[in-house]
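Below is one structure, written out as structure tokens, with a few remarks after it.
Just so you know, all these numbers are worked out from the coordinates, no wet-lab data involved. Computed from a predicted model, the values in this text were never measured in an experiment. Ideal geometry is used to build each Cβ from the backbone, glycine not excepted, and the neighbour counts take in all protein chains shown.
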Amino acid sequence: MESHNHSSLAEFVLLGFPKVGHIKGWLFVLLLSAYLFTICGNTLIFLVIRLDAALHTPMYHFISILSFLELWYTATTIPKMLANLLSEKKTISFAGCLLQTYFFHSLGASECYLLTAMAYDRYLAICRPLHYPAIMTPALCGKMAAACWTCGFLCPISEVILVSQLPFCGYNEIQHIFCDFPPLLSLACKDTATNVLVDFAINAFIILITFLFIMVSYGRIIGAVLKIKTAAGRKKAFSTCASHLTVVLIFFGCIIFMYVRLRKSYSLTLDRTLAVVYSVLTPLVNPIIYSLRNKELIKAIRRTIFRKGGGASPTHH
């Protein structure tokens, strides 16, 4: 009978943002505005890079993929958060909860790998500029991007399978803003030490290895930049990497604290806050960082808008 115990819980209750009271409407507007900006900003960056031939370089290729990934990453969690803020019935089916957890982690893992690929690209461009065109070919860029997605979607499979086999036979309220492994494990009515250990091993491998690789890449980049004799040259080299490093530190800082730990107990308020940062804030600031700090991208956006708005007139010059 134990194998069927989880069937007594056909659904979970996502508590989301408890005790928000009268500010629930404002929170909905704020979250919806952030989501719409994320969609518009990342879609604009993706389309401009794809449409503007001047941006068909490895760096912008990876930026466009990151923007595309962020669209799906936010779609996994934010729409359900918005629905729960409006609805009195904050339920999610057992299968729906597992699917949300799987896609959230697979897209998150893909982002870890993609940020690593972007760091490697910047390392080659700055530390090995003469060899860069021969190494970072379009074919290699395509293979690296495909590897990031494939590895990302393979990583959480074992974790989801293990959670799906756990019995959930009592309390069904998930103390979080979306379905995730830690709050799910806290609801299981059997020992979850194996699950916690597997989660820790997989997350530690993915997060720490990719973060270490990124930091090593940037360590070498900084070393190379410091050797540049002119201040203007150093400033230009640093500016090309500053936006990427900003995203990396925000994203990895949160997920290292959240997922590279063995204990089951956690601060609910702190975890909800960090979850908002890496699931809502990071995808939101990506288009801001990459557009406002990147003159080439701003020029490309203006060219694209002018071309669309001006019709065929530019061709007469």
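Any idea which of Phe306, Ala117, Leu30 is furthest toward the positive side of the dipole for the chain, if Lys and Arg beta-carbons carry +1 and Asp and Glu beta-carbons -1?
It is Phe306, whose Cα lies furthest towards the positive end.
Considering only Ile174, Met136, Asn203, whose Cα is most displaced toward the positive end of the charge dipole of the chain, charges sitting on Cβ of Lys, Arg (+1) and Asp, Glu (-1)?
Result: Met136, furthest along the dipole toward the positive end.
Report, in degrees rounded to the nearest 10, the 0 to 90 angle that the Cα long axis of helix 24-51 makes with the longest principal axis of the chain.
Helix 24-51 sits at roughly 40 degrees to that axis.
Could you work out how far helix 58-86 tilts from the main Cα principal axis of the chain, as a 0 to 90 degree angle to the nearest 10?
The angle comes out near 30 degrees.
Going by alpha carbons, how many degrees (0 to 90, nearest 10) lie between the helix axis of 295-310 and the longest principal axis of the chain?
On a 0 to 90 degree scale, this one is about 90.
Pull out the extension gain between Ser186 and Thr273, defined as 0.36 nm times the separation in residues minus the alpha carbon to alpha carbon distance; nm, one decimal.
Stretched fully, the Ser186-Thr273 segment lengthens by 29.4 nm.
Which links in Lys24/Lys80; Lys19/Lys90; Lys143/Lys299; Lys24/Lys89; Lys235/Lys295 stretch past 26 Å when you go from one Cα to the other?
Pairs exceeding the cut-off: Lys143/Lys299.
Could you work out the helix-only [θ] at 222 nm for the chain, with each DSSP H run of four or more residues adding -39,500 (n - 2.57) and the total divided by the number of residues, to the nearest 500 deg cm²/dmol?
-23000 deg cm²/dmol
Where in the range 57-116 are there trypsin sites (Lys or Arg not before Pro) that are in a DSSP coil and have at most 11 other Cβ atoms within 10 angstrom of their Cβ?
Passing sites in the range 57-116 are Lys89.
Which of Val13, Ala232, Pro287 sits farthest toward the positive end of the charge dipole of the chain, with +1 on the Cβ of Lys and Arg and -1 on the Cβ of Asp and Glu?
Ala232
Is there a quick way to get the dipole size of the chain? I mean about its Cα centre, with the Cβ of Lys and Arg at +1 and of Asp and Glu at -1; what is the value in debye to the nearest 20?
1580
Could you tell me the calculated FRET efficiency between Tyr132 and Phe306, based on Cβ-Cβ distance and R0 = 45 angstrom, to the nearest 0.05?
Taking R0 as 45 Å, the efficiency between Tyr132 and Phe306 is 0.90.
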